[in-house]
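Notes follow the structure.
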Amino acid sequence: MLELDEEFAGFLGDPGAGVTVRHEITWMDTDASSYWHNTTAMRLVEQAESLLHRSVAPGEPFLGLARVHVEVSFTSRLGVHDLATVRLLVLRVGTTSIEYAFTIRGPMQRLCAKGRLIAVQVEHATGRTLPWSAELRRLLLAPTHLEEAEHRVAV
């Protein structure tokens, strides 16, 4: 079982499913300062979230999650060609909601960002919240972890 270590200190609950994704920071991930733009953090977290859902429930549609709460603390910069390691864990699955904790680390495992995200499953046509199926809820809460290969840019 994956344990909540010091990088997730302050988050409550036993972790469910998790994923680790590595991504090389590219020029398009940065702003005029040449360091990563704040929106890059959420894009990397969403990439990890998509991989997590595809891995725990292959063939199940992964649609209709509306963000209702996002918090991120940025602690260090990432620059072009730095390798970012995103770790995403499911903390809770409610009737219609899911809560994740995440960290993004840079070179030498330096903590660059830490946060949490809460989303609610909604029906596209009406915008009404939808409950998780019992099976998908079970899979999301299972203490499994997937390591994804690095995403690097060819130069």
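Here, each number is a calculation from the coordinates, and none is a lab measurement. Fair warning: this is a prediction, and the values are worked out from it, not measured in the lab. Neighbour counts run over all protein chains shown; Cβ positions are idealised from the backbone, glycine included.
Relative contact order for the stretch 14-151 using alpha-carbon pairs under 8 Å, separation at least 6, rounded to a whole percent? All intermediate terms of the calculation are to be shown ahead of the outcome.
Working: 294 pairs, mean separation 48.4, N = 138.
Result for the stretch 14-151 is 35 percent.
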**Message:** For the ranges 89-99, 133-143, 106-116, what's the packing order if you count other beta-carbon atoms within 10 Å of each residue, average per peptide, and put the highest first?
**Reply:** 89-99, 106-116, 133-143
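Evaluate the charge dipole of the stretch 81-132 about its Cα centre and quote only its size in Debye, nearest 20, assuming +1 on the Cβ of each Lys and Arg and -1 on the Cβ of each Asp and Glu. Could you put the intermediate results ahead of the total?
Working: 7 positive and 3 negative charges, 44 e Å.
Rounded to the nearest 20 debye, it is 220 debye.
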**Prompt:** Fewest to most neighbouring Cβ within 10 Å: what's the order for 132, 36?
**Reply:** 132, 36
